[in-house]
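The next block holds one structure in the form of C-alpha cells; read it before the comments.
The values are calculated or read from the model by the stated rules, or taken from the named source; none is laboratory data. Model, not experiment: these values are computed from the prediction. So basically every Cβ, Gly included, is an ideal-geometry build from the backbone, and we count neighbours across all protein chains shown. Heads up: the accessible areas ignore ligands, DNA and RNA and are worked out on the full protein's heavy atoms, side chains in. Shrake-Rupley method; radii C 1.70, N 1.55, O 1.52, S 1.80 Å.
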Amino acid sequence: MRSLLALLIVTLALAALCCCEKDPKDPSGSPGADSIKITKEVANAFVKRQKRSTLYERYFEYYKSPMEQMHERCENYPPCDYLSDQIGFSMAYNRFFGRY
C-alpha cells in the first residue's frame with residue numbers, strides 16, 4: 001500500500017513539473033495578450049447568432065395573442081388571479097370579465 005502511494009505521489013510530482021514548465025520562447029513566463037486574442041473569423045466559427053428570418057416570427061415577437069392578453073388581464077386583477085388558481089382560468093375569466 002505504501003509503495004503504491006509513493007508511486008502515485010512521484011507520478012503526480014512529475015506531471016506537475018511537466019505541465020508547469022516555462023516556455024523557452026517566452027522569457028517572462030506568463031502568456032501575453034497576443035496569445036489570448038483570437039481573430040473575428042475564428043470566433044465566428046463557433047459562436048453563431050440566431051437570426052430571425054421570417055416576418056411571421058417578428059410579428060409574434062411584438063404582438064401577443066388574444067388568449068395571452070386575456071391571461072394577463074386576469075393576472076393583473078387579484079381576485080381573478082386567485083380564483084383562476086382555484087377553479088381554472090376560463091371559469092374565473094368568465095366570472096369577472098364575461099365570455100371570451
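Observations, loosely collected:
- Residue count, region 78-100 (criterion: open to solvent by less than 100 Å² (accessible area, probe 1.4 Å) and of a type outside the set (S, T, N, Q)): 13
- Here ASN94, ASN44 are screened, and the one residue that is part of a helix (DSSP H, G or I) and at pLDDT 85 or above is ASN94.
- Enumeration of residues in region 65-76 that are open to solvent by 100 Å² or more (accessible area, probe 1.4 Å) and assigned to a loop (DSSP other than H, G, I, E, B): none
- Of all residue pairs spaced 6 or more apart or on separate chains, none has beta-carbon atoms under 9 Å together with a first member in region 1-15 that is of a type in the set (Asp, Glu) and a second member that is outside any helix (DSSP H, G or I) and exposed (fewer than 10 other Cβ atoms within 10 Å of the Cβ).
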